1. Tell me, yes or no, whether region 332-344 has at least one residue that is at pLDDT 90 or above, crowded, with 24+ Cβ neighbours inside 10 Å and either more than 30 Å from ALA226 (Cα to Cα) or out of contact with any Leu (no Cβ under 9 Å at 6 or more places or on another chain) (or both).
2. From LEU366, LEU358, which residue is crowded, with 20+ Cβ neighbours inside 10 Å and modelled with pLDDT of 95 or more?
3. Hey, could you check region 216-242 for residues that are modelled with pLDDT under 90 and under 17 Å from the mean Cα position of the chain (by Cα) and say which is nearest to LEU272 (Cα to Cα)?
4. What helices (runs of 4 or more DSSP H) lie completely within region 287-378 and have 2 or more residues being within 21 Å of LEU113 (Cβ to Cβ)?
5. Quick one: in region 103-140, of everything that is modelled with pLDDT under 80 and basic (Lys, Arg), which residue is surrounded by the most Cβ atoms within 10 Å (Cβ to Cβ)?
6. Which residue out of ALA213, ALA165, ALA157 is among the small types (Gly, Ala, Ser), within 21 Å of the chain's Cα centre (by Cα), farther than 20 Å from ALA336 by Cβ and at pLDDT 85 or above?
7. Among the helices (runs of 4 or more DSSP H) confined wholly to region 94-206, which include 1 or more residues that are charged (D, E, K, R), touching a Pro at 6+ places or on another chain (Cβ under 8 Å) and over 26 Å from LEU79 (Cβ atoms)?
8. Mind checking which pairs have a first residue in region 191-211 that is closer than 12 Å to MET317 by Cα and a second that is acidic (Asp, Glu), Cβ under 7 Å, 6 or more apart or different chains?
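The values are calculated or read from the model by the stated rules, or taken from the named source; none is laboratory data. Quick caveat, the model's predicted, so the values are computed rather than measured. Counting neighbours? That spans all protein chains shown, and the Cβs are built from the backbone with ideal geometry, glycine included.
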Amino acid sequence: MLMAVAIGVIVANLYYLQPLLHQLRGEFHVDTANASLLMTLTQIGYALGLAFLVPLGDLIPRRRLVVAIFVVASLMMMLGATLTSFVPFAVVSLLIGVISVGAQVIIPFAADLADPAQRGRVIARVMSGLLLGILLSRTVSGLVAQVAGWRSVYWGAAAVLAAMAYVLHRVLPDEPVREHMTYSALVASTFTLFVSSGQLRQRAWSGALAFAAFNTLWTTLSFHLAAPPFSYSNAVIGLFGLFGVAGVAAANATGHVADKQRSPLASIVAALLITLAFVIVAWGRHNFWWMAIGIVVLDAGMQGTHVTNQSVIYALMPEARSRVNSAYMVSCFLGASLGSFLSGQLYAAYGWTGDCWLGVALGLGLVIPALKWPTPTPETALSERV
């Protein structure tokens, strides 16, 4: 439970911006494409942190690493709250992304502590914390910004991160001393794992497209909902995050399916849900309830894809879970940053229709390869390790 809460607290840093983008556009006097670039930079930063910070979980005790990450993340959020011009704020947004990788150190830590027969369910439980952090970050961000201004969102997040760093320092278990490796060898081996493992590459492709689709909707949703016919406030836009709670149930259900060696079925269903979601929000673009249903379907599909992918990759190389997770999540957030960038450009040029077509294309890119994936077994995991 503590790990799930900690994951939710730090992953929220990546998503506080989304319901505020239309307000920051006016605050910093930039256009829609540049405002949406803030999300792209945050996700590029996260990908950099995944590539160069997360592998350290296979080298140094994860308790020490996690606490340090939370402390620095708190400082970065404080700095973001003080800035008054766009370029420095954009740089800090990149750095916030880099240091917000604590969740991806904690998740393989939880996988190591889990019974192998229940690893999918354990991953699903801690992933529920991640999903709730994503959803509640948008809701809290919108409500707090409505009452006290967007800077209060950053100050509040900094305080919560600092408190969580103290709790984790006191509660997380120690680990045995790891085999010594140089940092350069550690990072290089992360990319070597990606090259050598076909299953990891398959799941990385799936994760990248799912994250790209997810951010295609959420990056531009605040612009769509702030414009007529909706004309919603920050608070109402933030509340739309609550519609994604269905993704929590999807994550837990997918964990059970993955434990039963039925991950290909879960992957296909989740990919179809992502595609369907964009059809729904395109058709019901001016209707509150259709938009809400589309968000529910998208979040369920995205979380179903993500949990299935993680349950597969964590079985490949137990001795290198932090590096496997790093390789996978770098792919996911490169996809996320691409989705944010393309959605901002397409929305500026073609409006909501352009974003919906992009989302459908990404969903189909998930469905087609998933139809050909074999069911992973202990024997295939062993062959990958060999």
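1. Taking every residue of region 332-344 in turn, none turns out to be at pLDDT 90 or above, crowded, with 24+ Cβ neighbours inside 10 Å and either more than 30 Å from ALA226 (Cα to Cα) or out of contact with any Leu (no Cβ under 9 Å at 6 or more places or on another chain) (or both).
2. On the way: LEU366 fails: modelled with pLDDT of 95 or more.
When all the criteria are applied, what remains is LEU358.
3. The residue in question is TRP218.
4. Values: elements: 288-313, 321-350, 352-370.
The helices (runs of 4 or more DSSP H) meeting that bar are 288-313, 321-350.
5. ARG119
6. Values: ALA213 fails: farther than 20 Å from ALA336 by Cβ; ALA157 fails: farther than 20 Å from ALA336 by Cβ.
One residue alone meets the criteria, ALA165.
7. Working: elements: 102-113, 119-148, 150-171, 183-196.
Correct list: 102-113.
8. SER197/GLU384; GLN199/GLU384
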